[in-house]
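**Student:** Sharing a structure with you now.
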Amino acid sequence: MSDPGTAESDWERKRRLALVFGDVLPETTADERDLGVLAASEAESASEAWLKAQVPPHHG
């Protein structure tokens, strides 16, 4: 551990923690980020695939 007499600054502590654990919480929330058209089309495809997989066999 470090010497209790030397205190690290806030930015040094954040940098050290980011190096160890990575960026745990993003700076922006999901609703603030532009996910793009590609991500939306992929999500629709995934939901459509799930829906089609749920169709009973007798509805072929």
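The values are calculated or read from the model by the stated rules, or taken from the named source; none is laboratory data. Just so it is clear, the structure is predicted and the values come from calculations on it, not from any experiment. When we count neighbours, we look across all protein chains shown, and the Cβ atoms used for this are built from the backbone with ideal geometry, even at glycine.
**Student:** Regarding Val55, is this residue surrounded by fewer than 10 Cβ atoms within 10 Å (Cβ to Cβ) and at pLDDT 85 or above?
**Tutor:** Against the criterion (surrounded by fewer than 10 Cβ atoms within 10 Å (Cβ to Cβ) and at pLDDT 85 or above), Val55 qualifies.
**Student:** Filtering the stretch 27-43 down to residues that are loosely packed, with under 10 Cβ neighbours inside 10 Å and of a type outside the set (A, V, I, L, M, F, W, C), which residue is modelled with the lowest pLDDT?
**Tutor:** Gly36
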